[in-house]
Amino acid sequence: MEADQAASKEAESCIDLLVIVLDTNPSQHIVRQNPQNLTQILEAVIAFGNAHLMQKAQNKLAVVSCSHHATNFLYPLPRRQVELRQVDGQYEAFSLVEKTVKQQLGSILMNAPRLSAPCESLLAGSMSMALCYISRLQRNVAPGVKMHSRILVLTGSNECASQYMTFMNVFFTAQKLGITIDTCALNKTLSLLQQGCDITSGQFLKVTQLDGLLQYLLWVFLPAPHIRHKLVLPPPPKVDYRASCFCHRELIDIGYVCSVCLSVFCKYSPICTTCHTIFKNPGPLPIKGKKKKKTDKQM
C-alpha cells in the first residue's frame, strides 16, 4: 500500500511532455481527396492536445507542423504569444493552444509554395526537431524532477524510403533517450514508422475512418506508455523490418552491405556511393574436384 502511494505521488510530480508531429502536406491522399479533411484533423489534434494538458497541471505540449518544404513549430511559439481574448466557459490554456495552432498553421499554408507535382513530407526532419526540443527541455528540468517524453506522428503521406537513414537515426536516438514514438497513420501502412514504434516500444495505429479520429487518439494515445499494458488496446501489427537500398530507395529482402558505413545496396558496386570505399571484385568460388572412388583393383 505504501509502495503504491509513493508511486502515485512520484507520477503526480513528474512532467509528461507530448510532442505532436502533424503532417500538413497537401500531397497527402486524404487531403487531395477532400481539402476539408485537414480542418477535421486539426480540430481532433487540438482537442487531443488539450486533453493531455487537462490530465495534470505539470503536463506540457508541443505541436510541430511538417510539410513538403519546411518544418515549423505551431505551439508553443518561441518568442511571442498570440493575443488572447477571454472566452467565457473556456480555460485560458486551452484557448491559447487552439488560437496559436490555428493562426500559425493558417500563416504557413498561405505562404507555402504551390505544388506542381506530389512531394514527400519531411517527416524525418520534423521528428529530429522534436527530439532536439525534448533534449533542450530535459536539460532545463529542475533537479529531482523527472520528465517523461513521447512523440506522436500523425500522417497520411506515403512511405519515405529516401529518408531511411534519418529515420533510423531518429529511432535509435529516441530509444537511447527513453523517448516513445507513437504513430497514427491515416489509412496508410508505413513500414518505417512501424519499425520506429517497435524499437521505442510505442503504439502504431492505422485509422481508416476519419470521423472517429478523435476517439482513436483519446483511446490509444492519450494514456501514458507505462500504463498501456493495463488497457485493452489494438494488437500491434506485424513489423516489416526490410531495409531500404541506397541506390533506388526501395525496400529489399536481400542486398549488399558496405562493411565501412553499413549502407545497403540491391546490386553489387565496386565503390560505395556513400563513403566512397573501394572494394575488390569478388572472384569465382573455387571448384572442388570430385573424389575418385576406390575400385576393387586398388583395394
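Of all residues in segment 12-46, those satisfying the criterion of being part of a helix (DSSP H, G or I), under 15 Å from L74 (Cβ atoms) and not acidic (D, E) are L38, T39, I41, L42, A44, V45, I46. Within segment 253-271, the presence of a residue that is in contact with a strand residue (DSSP E or B) (Cβ under 9 Å, 6 or more places away or on another chain), touching a residue at least 24 places away in the same chain (Cβ under 8 Å), open to solvent by 80 Å² or more (accessible area, probe 1.4 Å) and not assigned by the TED database to the domain that holds D198 is excluded. Checked against the criterion of being in a strand (DSSP E or B), aliphatic (A, V, I, L, M) and either touching a strand residue (DSSP E or B) at 6+ places or on another chain (Cβ under 7 Å) or at pLDDT 90 or above (or both), the candidates V63, V101, V97 yield just one match: V63. Looking at segment 274-291, which of the residues that are at pLDDT 85 or above and open to solvent by 90 Å² or more (accessible area, probe 1.4 Å) is nearest to the chain's Cα centre (by Cα)? Per the criteria, the residue is H276. Kindly indicate whether any position in segment 130-145 is open to solvent by less than 40 Å² (accessible area, probe 1.4 Å) and under 13 Å from C66 (Cβ atoms). Scanning segment 130-145, I find at least one residue that is open to solvent by less than 40 Å² (accessible area, probe 1.4 Å) and under 13 Å from C66 (Cβ atoms), so the answer is yes. Would you tally the residues in segment 104-137 being touching a residue at least 24 places away in the same chain (Cβ under 8 Å) and either at positive phi or part of a helix (DSSP H, G or I) (or both)? Residues flagged as touching a residue at least 24 places away in the same chain (Cβ under 8 Å) and either at positive phi or part of a helix (DSSP H, G or I) (or both) within segment 104-137 amount to 17. For segment 138-161, a tally of residues being part of a loop (DSSP other than H, G, I, E, B) and among the β-branched types (V, I, T) returns 2.
Apart from one condition, S201 fits all of (1) open to solvent by 10 Å² or more (accessible area, probe 1.4 Å); (2) of a type in the set (S, T, N, Q); (3) part of a helix (DSSP H, G or I); the exception is (3). When the criteria are applied in full, L17 meets the requirement of being more than 20 Å from Q215 (Cα to Cα), at pLDDT 90 or above, in contact with a helix residue (DSSP H, G or I) (Cβ under 7 Å, 6 or more places away or on another chain) and assigned by the TED database to the domain that holds E120.
The values are calculated or read from the model by the stated rules, or taken from the named source; none is laboratory data. As the structure is a prediction and not an experimental result, all values here were calculated from the model. Note: ideal-geometry Cβ built from the backbone for every residue, glycine included; neighbour counts use all protein chains shown. With ligands, DNA and RNA removed, areas are computed over all heavy atoms of the protein, side chains included. Shrake-Rupley method; radii C 1.70, N 1.55, O 1.52, S 1.80 Å.
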